[in-house]
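Quick notes on the structure that follows.
The values are calculated or read from the model by the stated rules, or taken from the named source; none is laboratory data. Source: prediction; values computed, not measured. Here the Cβ positions follow ideal geometry from the backbone for every residue, glycine too, while neighbour counts run over all protein chains shown. Side chains included, ligands, DNA and RNA excluded: accessible areas come from the protein's heavy atoms. Shrake-Rupley method; radii C 1.70, N 1.55, O 1.52, S 1.80 Å.
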Amino acid sequence: MRIQSAEVVVCSPGRNFVTLIVTTDEGLVGIGDATLNGRELAVASYLTDHVAPLLEGRDAAAVEDTWQYLYRGAYWRRGPVTMAAIAAVDVALWDIKAQAAGMPLYQLLGGRSRDSIRAYGHAHGRDIEELSDSVQARIEQGFGAVRIQVGIPGNGPGYGISSVEGAHDYEPASVGLRPVEEVWDAGSYLRHIPAVFEEVRSRFGAELDLLHDVHHRLSPIEAARLGRSLEPFHPFWLEDVTVAENQRALRTVREHTVVPLAMGETYNSIVDYLQLLPEQLIDYVRSAVTHSGGVTGLKRILEFGAIYGAKSATHGPTDISPVGLAAALHIDTAHHDFGIQEYMQHTGPVFDVFDVGYAFADGVFQPGERPGLGVRFDREAAARYPYRQAYLPVNRLRDGTLHDW
Ligand code: EZ4
Ligand code: CO
C-alpha cells in the first residue's frame, strides 16, 4: 500500500487546528494532528512544502522508517515545528495501519492494560468563590481529579483566568494580531495560593485530587517554597514549577519538598528528558503526541520514563485537536505506566469538524472500538471555519520586564 497524497487543512472551529490527511492508493485515509498553538501556519508550510512531496509513493506501512526518514533525513533535528510535523505524519500512518488491520490503534500498541482512562478536568475562577463553582461543575461532570487555577489579588487576569472580560471559560489563546499582555508577581502568588488550596480542600474533602499548573513562572527556590507550603493539602502534582529549559532547577525543588512534580508539555523529544528522568526529578511526563513526534516519539519517551518511576500524563488542552487526544487515549490504554490524562474539553463547533469515537463519562475515557484512531475529519465542515490569527498571552512583571508564560 502506497501513500498517494498528504494534504494539510487549517481550520478554526472555535480555535485553530492543523490536520494532515494522508490517502493511500487502496483508498484508506489516515489523519494526524500538527497543531502548534500560535505558530500553526509554520507547521502547515513545513508539511505542505517540505514533507508532503516526500511522502507521495512511499510505503504506507513503513511507520518507523518514515519517522526516521523525516527526523534524520532533514539534518535539522528536533524543535517544536519539526516534531509537530513528524507527529502528524506518524499518527496518520498509525491510523492507516490500524484501519488496515481492522483494529482500534491501542491493540497494535500492545492491547489493553486497563479498563478505563482516568482524566482530570480544569477549574478556574477570578476568586475562590468562582473557582469553587468551577470545581463543583467538574465534580458534577464526573471528574475525581481537578486542576485549580485562580486569579491572584492585584495581578489582574493571569494564567488560567480569561483575559477577555465576561468570558468565564478559559482559552489560552486570544484571537487578534498580537498576544494580550498579563501581569505577574511571584510574591502575591506565593502568599495567596496556599489559602486557595486550604479552602478548596476544606470545601471538597480529602478524596478529590487537586492539581495545579505554575506555567514556568517561579525561580527554583520560589518553587521549592511553594511545594513545601502546599504539602499539608497533598496536591496530586505541581506542574511546570520552573522554566523547562533549566532542568537542574528541579534538583533544588526536590531537595525541599515531597510534592509530586510534572513537566514536559513544551518538550518535543526524548533528548529533552536526558537529565529529568534518570535523575528522577519528575513524577509525571507531560509531553503530547502532537508535539513530540507522534505515537512513535511519545511511546519512546514514556518507556524511558517508566524505568525511572515516571508515569504518563499526556498533555490534553483544547489546542491539541481531537485527533491528537484520540492518539493519546490509545497510548493511555496500552502503556503500562499510565498516570492520568488531561482533559480540558473541546466544545460545540469542534465536533462539527471532528467526529470522535472516544467517549468520556464518570471521570474516565474509553478510546472506542472503531478501527484506527477512531476520528473522522469532515473537510466540508472545516471549510466553514477558516483560520484566524490567535496567540497565547505574554506575561510581564509589574515593572514591564517580560516574564515566562
Ligand atoms: O498553556 O496548551 O497544562 N496545560 C497547559 C495548557 C497550555 C496550552 C499552550 O498552548 O498548560 O493550557
Ligand atoms: Co500545563
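Here are some notes:
- Residues of the stretch 201-213 satisfying the condition of being away from ligand 1 (no atom under 16 Å from the Cβ) and either closer than 24 Å to N395 by Cβ or not in a helix (DSSP H, G or I) (or both): G205, A206, E207, L208
- Close pairs (8 angstrom Cβ cut-off, 6 or more residues apart or separate chains): surrounded by 16 or more Cβ atoms within 10 Å (Cβ to Cβ) in the stretch 179-194, among the acidic types (D, E) anywhere: A186/E222; L190/E222
- Any hit, the stretch 86-96, residues being within 16 Å of ligand 1 (Cβ to nearest atom) and in contact with a strand residue (DSSP E or B) (Cβ under 9 Å, 6 or more places away or on another chain): yes
- Residue check for I161: open to solvent by less than 60 Å² (accessible area, probe 1.4 Å), under 21 Å from the mean Cα position of the chain (by Cα) and modelled with pLDDT under 95: yes
- Elements of the type strands (runs of 3 or more DSSP E) sitting completely within the stretch 325-405 and holding at least 2 residues that are in contact with a Pro (Cβ under 7 Å, 6 or more places away or on another chain): these cover 354-356.
- For the stretch 214-264, filtered to residues that are in a loop (DSSP other than H, G, I, E, B) and over 22 Å from L277 (Cβ atoms), the residue that is farthest from ligand 2 (Cβ to nearest atom) is H234.
- Residues of the stretch 19-47 classified as open to solvent by 40 Å² or more (accessible area, probe 1.4 Å) and either within 24 Å of the chain's Cα centre (by Cα) or within 30 Å of W405 (Cα to Cα) (or both), total: 5
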